[in-house]
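**Student:** One structure, pasted below without further comment.
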Amino acid sequence: MVNEYNYSKKDKISNKEKKQRGQKMKTAKILIALMLTIALAGIAHALPLTIEDVQINDVTLNQDTENALSLQRGEDYEVKLKVSSEEELTDIKIEAFISGYDNEEEQISDSTELFDLEPETTYIKTLKITIPENLETDTYLLRIMATDRDNDELIQNYKLKIDAPRHKLIVKDVIFRPSGEIKAGTSLLATVRLKNEGQKDQKYVKVKISIPQLGIEGTDYIDEIKKDEEQETEEIYMKIPRNAETGTYEAKITAKYSEYKTTSSTYTIKVRADEEYTENPQPEIIITQLTQEEPVKAGETATYPIAITNQGKNSRAVALIPQQTDWAETTLSESTIVLQPEQTQTTIATIKVKKDTPAGKHATSITIIAGENQKQITLTANVTKEEKSLKGILETALIIFIILLVVLGIAMGVTKLQKKEDYY
């Protein structure tokens, strides 16, 4: 009895284990099947699409060999695709990209919008890619990838050579001093750094920086920039106009090199208005013409007093420059004067009229310069011819009278002679 009991107990345990093992095997098979399903679902199937032709700037690319096409850094290129399908396809997207460029913010790629394909129809799609200026010269793969929403895809690769142009300069950086906000009426210094990304050295590079809205510019020259090297200008000086308003202004940097090639870049500066500036300030130098027009005979002189007053708080130097004309010579008693605050000084302008100057009004000018300000005043000479004296008039009349008497005497003599001839 004991043996039978023990035997039946063993049989009972064995059946239980078999049942558990069967359940485990079943569960394992389900898991394996599920994993295979997931894995197969993740596998991309070949998209039934044909890329008939790939062109860059009208040059057809070949998949099998390196293409005889050199792309230059810093240039834009058009990628034209011809695609077709024997089946009807929906939600197709085609992307062109060059891998191997380590810059997440600037990718070399472009893609189409989603589109559908009808069977036996050729579609033309155009993409654009930009080759970065800092991409190393080498051979890269242009990848054309077509996908649909079911994760089917088609990828084709094309070898391209990225080269550097013969002549290529770029504006690498600009340093402004002061670097932040600049006050109107103060100086702005700028240093421009250029990089030569071409195959040839560049000499005598002209660098100009201008702020058109403020009407200012400055220029400097760089003697030489060797290929793959950088050089910077000396400090370029500009002065912000005192009447400049608060705001942000564009500064354009232009570099001219290799005769007719140029490169340019745009930066911004911030200007703070000068609160002490007034649009119509009271002039510090006052000029008063005591006389503007004088009568004068040809060959004689006329004088014009000019009073100059300094109303400013500091001493001021004033320069006077006369205009020279073909009808007179203008001189000044002082061509340069220094005025203390609240001081007035009179300068005499003398105009010597030439003898052959025709009668009438003739004008000349004097330019008066005080610092950055200048003014031009006009002096007019009313030229008259020299009048003859009474004695001269009488002498002329007497001569004419004598000539008339002589002529009359000759006429009477001729008349008498004719009468005698008639008598005989």
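**Student:** Enumerate the pairs (first residue in the range 201-218 and without any contact (Cβ under 8 Å) to a residue 12 or more places away in the chain; second residue anywhere and in a helix (DSSP H, G or I)) with beta-carbon separation below 8 Å, excluding pairs fewer than 6 apart on the same chain, so at least 6 apart or on different chains.
**Tutor:** Qualifying pairs under 8 Å: none.
**Student:** Can you report the number of residues in the range 85-106 which are more than 22 Å from Asn151 (Cβ to Cβ) and assigned to a loop (DSSP other than H, G, I, E, B)? Steps first, answer last, please.
**Tutor:** Just the residues of the range 85-106 that are more than 22 Å from Asn151 (Cβ to Cβ), to begin with: 98, 100-106.
Of the ones still in play, those that are also assigned to a loop (DSSP other than H, G, I, E, B) are 100-106.
Counting residues in the range 85-106 that are more than 22 Å from Asn151 (Cβ to Cβ) and assigned to a loop (DSSP other than H, G, I, E, B) gives 7.
**Student:** For residues that are surrounded by fewer than 11 Cβ atoms within 10 Å (Cβ to Cβ) and under 24 Å from Glu133 (Cβ atoms), scanning just the range 237-265, find the one that is modelled with the lowest pLDDT. Please lay out each step first, then the result.
**Tutor:** Within the range 237-265, the first condition is being surrounded by fewer than 11 Cβ atoms within 10 Å (Cβ to Cβ), and the residues that meet it are 248, 259-260.
With under 24 Å from Glu133 (Cβ atoms) added as a condition, the list becomes 259-260.
On the way: Glu259: 80, Tyr260: 83.
Among those that are surrounded by fewer than 11 Cβ atoms within 10 Å (Cβ to Cβ) and under 24 Å from Glu133 (Cβ atoms), it is Glu259.
**Student:** Which ones in the range 278-302 are surrounded by 14 or more Cβ atoms within 10 Å (Cβ to Cβ) and among the hydroxyl-bearing types (Ser, Thr, Tyr)?
**Tutor:** Result: Thr301, single match.
**Student:** Here's another thing I want to ask about it. For the range 326-368, which residues satisfy the criterion of being surrounded by fewer than 17 Cβ atoms within 10 Å (Cβ to Cβ) and among the polar types (S, T, N, Q)?
**Tutor:** Answer for the range 326-368, where residues must be surrounded by fewer than 17 Cβ atoms within 10 Å (Cβ to Cβ) and among the polar types (S, T, N, Q): Thr331, Ser333, Ser335, Thr336, Gln340, Gln343, Thr344, Gln345, Thr346, Thr350, Ser365, Thr367.
**Student:** From (1) without any contact (Cβ under 8 Å) to a residue 12 or more places away in the chain; (2) not in a loop (DSSP other than H, G, I, E, B), pick out the condition that doesn't hold for Lys82.
**Tutor:** (1)
**Student:** Identify the residue in the range 266-277 that is assigned to a loop (DSSP other than H, G, I, E, B) and of a type outside the set (Phe, Trp, Tyr) and, among all such residues, is surrounded by the most Cβ atoms within 10 Å (Cβ to Cβ). Spell out how you get there, then give the answer.
**Tutor:** Quick first cut of the range 266-277, residues assigned to a loop (DSSP other than H, G, I, E, B) only: 273-277.
Those left that are additionally of a type outside the set (Phe, Trp, Tyr): 273-276.
On the way: Ala273: 15, Asp274: 18, Glu275: 9, Glu276: 9.
Here the residue is Asp274.
**Student:** Which numbered condition trips up Glu136, out of (1) in a strand (DSSP E or B); (2) more than 14 Å from Ile51 (Cα to Cα)?
**Tutor:** Answer for Glu136: the failing condition is (1).
**Student:** Looking only at the range 303-325, decide whether some residue is more than 30 Å from Arg242 (Cβ to Cβ), among the hydrophobic types (A, V, I, L, M, F, W, C) and surrounded by 12 or more Cβ atoms within 10 Å (Cβ to Cβ).
**Tutor:** no
**Student:** Please count how many residues of the range 213-230 are under 24 Å from Thr268 (Cβ atoms) and touching a strand residue (DSSP E or B) at 6+ places or on another chain (Cβ under 7 Å).
**Tutor:** Looking only at the range 213-230, we keep the residues that are under 24 Å from Thr268 (Cβ atoms), and these are 213-220, 222, 230.
Narrowing the set further to residues that are touching a strand residue (DSSP E or B) at 6+ places or on another chain (Cβ under 7 Å) leaves 213-214, 216-220, 222, 230.
Looking only at that region, the number is 9.
**Student:** Here is a follow-up. Pairs under 9 Å by beta carbon, first residue over 18 Å from Glu300 (Cβ atoms) and not assigned by TED's automatic domain parsing to the domain that holds Ala349 in the range 319-335, partner surrounded by 16 or more Cβ atoms within 10 Å (Cβ to Cβ) and of a type outside the set (Val, Ile, Thr), six or more apart or different chains?
**Tutor:** Taking only residues 6 or more apart or on different chains, not a single pair turns up.
**Student:** Name, by its number, the condition in (1) farther than 23 Å from Thr60 by Cβ; (2) more than 40 Å from the chain's Cα centre (by Cα); (3) of a type in the set (Gly, Ala, Ser) that does not hold for Ser85.
**Tutor:** Answer for Ser85: the failing condition is (1).
**Student:** Quick check on the range 369-424: of everything there that is loosely packed, with under 10 Cβ neighbours inside 10 Å and outside any helix (DSSP H, G or I), which residue is modelled with the highest pLDDT?
**Tutor:** Only one residue fits best here, namely Glu372.
**Student:** Shifting gears a bit: Inspect the range 108-116 for any residue being surrounded by 15 or more Cβ atoms within 10 Å (Cβ to Cβ) and in contact with a Gly (Cβ under 8 Å, 6 or more places away or on another chain) and give the result as yes or no.
**Tutor:** no
**Student:** Let me ask something else about it. With the requirement that a residue be in contact with an Asp or Glu (Cβ under 8 Å, 6 or more places away or on another chain) and in contact (Cβ under 8 Å) with a residue 24 or more places away in the chain, what does the range 245-268 give you? So that I can check it myself, show each step before the final result.
**Tutor:** Within the range 245-268, the first condition is being in contact with an Asp or Glu (Cβ under 8 Å, 6 or more places away or on another chain), and the residues that meet it are 266-268.
Scanning the range 245-268 gives a single hit, Tyr267.
**Student:** Pick out the one residue from Glu224, Glu234, Glu217 that is surrounded by fewer than 21 Cβ atoms within 10 Å (Cβ to Cβ) and not in a strand (DSSP E or B). Before the answer, list the steps.
**Tutor:** Details: Glu224 fails: not in a strand (DSSP E or B); Glu217 fails: not in a strand (DSSP E or B).
After ruling out the rest, the residue left standing is Glu234.
**Student:** Can I ask one more? Can you pull out every residue in the range 108-133 that is hydrophobic (A, V, I, L, M, F, W, C), closer than 30 Å to Asp228 by Cβ and not in a strand (DSSP E or B)?
**Tutor:** Restricting attention to the range 108-133, the residues satisfying the condition of being hydrophobic (A, V, I, L, M, F, W, C) are 108, 114-115, 117, 124, 127, 129, 131.
Applying the additional criterion that residues be closer than 30 Å to Asp228 by Cβ yields 108, 129, 131.
Within the range 108-133, Ile108, Ile131 qualify.
**Student:** Scan the range 109-126 and tell me whether some residue there is touching a residue at least 60 places away in the same chain (Cβ under 8 Å) and either more than 11 Å from Leu49 (Cβ to Cβ) or among the hydrophobic types (A, V, I, L, M, F, W, C) (or both).
**Tutor:** Our first condition is that a residue be touching a residue at least 60 places away in the same chain (Cβ under 8 Å); within the range 109-126, this holds for 117, 122.
Now drop any that are not either more than 11 Å from Leu49 (Cβ to Cβ) or among the hydrophobic types (A, V, I, L, M, F, W, C) (or both), which leaves 117, 122.
Yes: the range 109-126 contains one or more residues that are touching a residue at least 60 places away in the same chain (Cβ under 8 Å) and either more than 11 Å from Leu49 (Cβ to Cβ) or among the hydrophobic types (A, V, I, L, M, F, W, C) (or both).
**Student:** Turning to a different aspect of this structure: Filter the range 49-79 for residues that are loosely packed, with under 15 Cβ neighbours inside 10 Å and in a loop (DSSP other than H, G, I, E, B) and give the result.
**Tutor:** Of everything in the range 49-79, those that are loosely packed, with under 15 Cβ neighbours inside 10 Å and in a loop (DSSP other than H, G, I, E, B) turn out to be Asn57, Asp58, Asn62, Gln63, Asp64, Thr65, Glu66, Ala68, Glu75.
**Student:** Where the second residue is of a type in the set (Asp, Glu) and the first is over 29 Å from Ile285 (Cα atoms) and lies in the range 337-361, which pairs have Cβ atoms under 7 Å and are six or more apart or on separate chains?
**Tutor:** Val353/Glu300
For (1) in the same structural domain as Gly74 (by TED's automatic domain parsing); (2) of a type in the set (Val, Ile, Thr); (3) more than 13 Å from the chain's Cα centre (by Cα), each residue gets a yes or a no:
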site: Ile222; (1), (2), (3): no, yes, yes
site: Ile225; (1), (2), (3): no, yes, yes
site: Asp228; (1), (2), (3): no, no, yes
site: Lys252; (1), (2), (3): no, no, no
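The values are calculated or read from the model by the stated rules, or taken from the named source; none is laboratory data. As the structure is a prediction and not an experimental result, all values here were calculated from the model. No Cβ is skipped: glycine too gets one built from the backbone with ideal geometry, and neighbour counts run over all protein chains shown.
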